[in-house]
Amino acid sequence: MFREGRICGVVAARTAREMERALRQALRRTRTVELRLDYLRNSKEREAFLSRLGRLHLRATMIATCRSRRGGGLFSGPLPAQRDILMAAVRAGCQWCDIEIEALARWPQRQLKRDLRPARVLLSYHDFRRTPEDLDRVPRKLARAPHDAIKIAAHCREIRDGARMLDLAHGRRDRVIVPMGEMGMAARILALRAGSALAYAPAATPTAPGQTSLEELSDLYRADQVRRRTRVYGVIGDPVAHSLSPLMQNTAFHARRVDAIYVPFRVLDLRDFVGAIGPLGLSGFSITLPHKEAILRFLDECDPLARDIGAVNTVVVRPGNSLYGYNTDYVGVLRALERRVRLVGSRVLLLGAGGGARAAAFALARGGAIVSVCARRPERALRLARAVGGETIPRKRVRTEFFDAIVNCTPVGLRPGDGSPLEAGEMNCRIVMDMIYRPRVTKFLQLAEQKGIETITGLDMFVAQGAAQWEIWTGLRAPEPAMRSAVARALAREERARR
């Protein structure tokens, strides 16, 4: 139906010049674009843009949209003006017009097709508040009006909402499904796999919450190459938007030519996510903060080491949606530290007692290290220390002790302005390691470097545990150098942008 491409770049800007620039940017990655004419700030800018568009003679499928405020857009003029804009867009070369269902109450249906000829009509429904409970009613309602295809966009409050929306696309070629909001982000990426005729992504200015950029949808997720048989993996957490796991794992799938995709899920409620595993067709997933321990109660089986650790960061979905858990953080910590320090007999301080700290504690104890634990909650620190035959260290004693290594297993430093879990005067050690990989150099590591202490970034651990996950899922050897290179380049770009 949309022959030029299944990824639709959304072009939205306030001026004609900016609009044309965004259009050219979008056409570098796709030949199907939606022109949000309602974003142009006045009639003068719209006329200027459509005049330029008519002279470009682009080889692309262009969908004209001038959405009213009532339909969730920015256009505040009367219906005749909205109609005239769309008719001008058709004359400028647009082959499709997106008409929100709200406009039909004031636009006679027989006249609509006549006014927009020869363009085709994409009839759209938007709910920016929620996904309707009676979702099946929506396509039936749209089907009663003149259209060539229908689009259904709704805000997802739960991950299962996105799964319900994708069900509407199965077996249909004339439906465009657009899950909206952060909880619908993964489903939006997977829309083409489910059978949606298009997947939308902004070329520049975001036009709705939870959107993935055109660059990411095209280059990172390669969404237009995804088919129904493509295996789906993901990472769950809160927050999860910062994660570079999709970049790392999708790089590995592409390097080894494995037909699979890895997407992010912001998970507030594990029960909601687990309920969506079957409908979304997941084959496995990674777990990050804060769910590494809580996921255990949803598993059917667990690797003995992961059970001892009491935290899981990797799950395989077996036939019948049975869930089997592993812990590969263990591998990441071990590989990162044993290259720099002889573990047998060494004294290592762990900051924190959560899932990451538990993996580190078991890895180090089995490697022969003496494990010390310092955490905000003394009872959790004590339980972890006892589990590995280690000791607890209250914060006030850290300044007076010496360690071979100190490892930050807390999320302190993950967000801008977080600071460091320790002060410089408390870092009495040979090596400092941070499990946080983004930013690559945290405040914790900066303070250590200023004291002349050797540092280990979270990148080493991140890539090692990710490679182990990938091998569990695929049974193949992970392309670890490609994975490391992709993540390192992304972190370097972020550092340059902050300067």
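The values are calculated or read from the model by the stated rules, or taken from the named source; none is laboratory data. Note that the coordinates shown come from a computational prediction; the quantities given were computed from them, not determined experimentally. Cβ: placed from backbone, ideal geometry, glycine included. Neighbour counts: every protein chain shown.
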Quiz item: Is one or more of the residues making up segment 84-96 more than 24 Å from VAL138 (Cα to Cα), among the polar types (S, T, N, Q) and in contact (Cβ under 8 Å) with a residue 40 or more places away in the chain?
Solution: no
Quiz item: Cβ-Cβ below 8 Å, separation at least six or inter-chain, first residue in segment 340-363 and more than 25 Å from ARG376 (Cβ to Cβ), second surrounded by 24 or more Cβ atoms within 10 Å (Cβ to Cβ): which pairs?
Solution: LEU343/LEU337; LEU343/LEU364; LEU343/ALA369; VAL344/ALA369; GLY345/ALA369
Quiz item: When you look at GLY73, is it among the small types (Gly, Ala, Ser) and either over 29 Å from the mean Cα position of the chain (by Cα) or buried (at least 23 other Cβ atoms within 10 Å of the Cβ) (or both), yes or no?
Solution: no
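Which is basic (Lys, Arg), part of a loop (DSSP other than H, G, I, E, B) and farther than 23 Å from GLY210 by Cβ, of ARG110, ARG59?
Criteria check complete, one pass: ARG59.
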Self-check item: Within segment 22-58, tally of residues that are closer than 19 Å to ALA119 by Cα, within 31 Å of the chain's Cα centre (by Cα) and not basic (Lys, Arg)
Solution: 6
Exercise. Evaluate segment 132-148: report whether one residue or more is of a type in the set (Val, Ile, Thr) and more than 30 Å from SER43 (Cα to Cα).
Key: yes
Practice problem: With respect to ALA103, determine if the residue is touching a strand residue (DSSP E or B) at 6+ places or on another chain (Cβ under 8 Å), more than 30 Å from ARG227 (Cα to Cα), in the same structural domain as ARG144 (by TED's automatic domain parsing) and of a type outside the set (Val, Ile, Thr). | Solution: yes
Quiz item: Between residues in segment 5-23 that are among the basic types (Lys, Arg) and residues that are part of a helix (DSSP H, G or I), which pairs lie under 8 Å by C-beta distance while being six or more apart or on different chains?
Solution: ARG6/LEU192; ARG6/ALA223; ARG6/ASP224; ARG14/TYR39; ARG14/GLU45
Self-check item: Unique residue being assigned to a loop (DSSP other than H, G, I, E, B), free of Cβ contacts under 8 Å to residues at least 12 places away in the same chain and either among the aliphatic types (A, V, I, L, M) or surrounded by fewer than 22 Cβ atoms within 10 Å (Cβ to Cβ) (or both) when the list is GLY419, GLY452
Solution: GLY452
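When you go through TYR330, TYR324 one by one, which is the residue that is over 13 Å from ILE406 (Cβ atoms), modelled with pLDDT under 95 and out of contact with any Gly (no Cβ under 6 Å at 6 or more places or on another chain)?
Working: TYR324 fails: modelled with pLDDT under 95.
Step by step, each of TYR330, TYR324 is checked, and only TYR330 is over 13 Å from ILE406 (Cβ atoms), modelled with pLDDT under 95 and out of contact with any Gly (no Cβ under 6 Å at 6 or more places or on another chain).
Conditions tested, residue by residue: (1) modelled with pLDDT under 95; (2) not in a helix (DSSP H, G or I).
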{"position": "VAL432", "(1), (2)": "no, yes"}
{"position": "ARG438", "(1), (2)": "yes, yes"}
{"position": "PHE444", "(1), (2)": "no, no"}
{"position": "ALA448", "(1), (2)": "no, no"}
{"position": "VAL463", "(1), (2)": "no, no"}
{"position": "TRP470", "(1), (2)": "no, no"}
{"position": "ARG484", "(1), (2)": "no, no"}
{"position": "VAL487", "(1), (2)": "no, no"}
{"position": "ALA492", "(1), (2)": "yes, no"}
Quiz prompt | Criterion violated by ARG173 - all others in (1) more than 25 Å from VAL267 (Cβ to Cβ); (2) of a type outside the set (Val, Ile, Thr); (3) out of contact with any Gly (no Cβ under 8 Å at 6 or more places or on another chain); (4) surrounded by fewer than 16 Cβ atoms within 10 Å (Cβ to Cβ) satisfied | solution = (3)
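What are the residues in segment 409-460 that are hydroxyl-bearing (Ser, Thr, Tyr) and more than 16 Å from GLY352 (Cβ to Cβ), if any?
Selection gives THR455, THR457.
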Quiz item: So is ARG3 over 30 Å from PRO108 (Cβ atoms), among the charged types (D, E, K, R) and at pLDDT 95 or above or not?
Solution: no
Quiz item: within 26 Å of ARG318 (Cβ to Cβ) and crowded, with 21+ Cβ neighbours inside 10 Å - does that describe any residue in segment 215-227?
Solution: yes
Self-check item: Answer from ARG397, ARG366, ARG340, ARG380 - the residue that is touching a strand residue (DSSP E or B) at 6+ places or on another chain (Cβ under 8 Å) and surrounded by fewer than 22 Cβ atoms within 10 Å (Cβ to Cβ)
Solution: ARG340
Practice problem: Go through the residues of segment 95-112 one by one and say whether even a single one is among the basic types (Lys, Arg) and surrounded by 15 or more Cβ atoms within 10 Å (Cβ to Cβ). | Solution: no
Practice problem: Might you let me know whether segment 154-171 holds any residue that is in a loop (DSSP other than H, G, I, E, B), closer than 28 Å to MET19 by Cα and of a type outside the set (Val, Ile, Thr)? | Solution: no
Quiz item: Which one of these is surrounded by fewer than 17 Cβ atoms within 10 Å (Cβ to Cβ), in contact (Cβ under 8 Å) with a residue 12 or more places away in the chain and at negative phi: PHE402, PHE444?
Solution: PHE402
Quiz prompt | Selection status of GLY355, surrounded by 18 or more Cβ atoms within 10 Å (Cβ to Cβ) and out of contact with any Gly (no Cβ under 9 Å at 6 or more places or on another chain) | solution = no
Practice problem: Hey, can you tell me all the residues within segment 4-21 that are over 22 Å from the mean Cα position of the chain (by Cα) and surrounded by 24 or more Cβ atoms within 10 Å (Cβ to Cβ)? | Solution: MET19
Practice problem: Out of the residues in segment 246-290 that are assigned to a loop (DSSP other than H, G, I, E, B) and at pLDDT 95 or above, state the one that is surrounded by the fewest Cβ atoms within 10 Å (Cβ to Cβ). | Solution: ARG257
Exercise. Go through segment 171-190 residue by residue and tally those that are touching a Lys or Arg at 6+ places or on another chain (Cβ under 9 Å) and closer than 19 Å to ALA149 by Cβ.
Key: 6
Quiz item: List the pairs whose first member sits in segment 41-55 and is surrounded by 19 or more Cβ atoms within 10 Å (Cβ to Cβ), whose second member is aromatic (Phe, Trp, Tyr), and whose Cβ atoms are under 7 Å apart, counting only residues at least 6 apart or on separate chains?
Solution: none
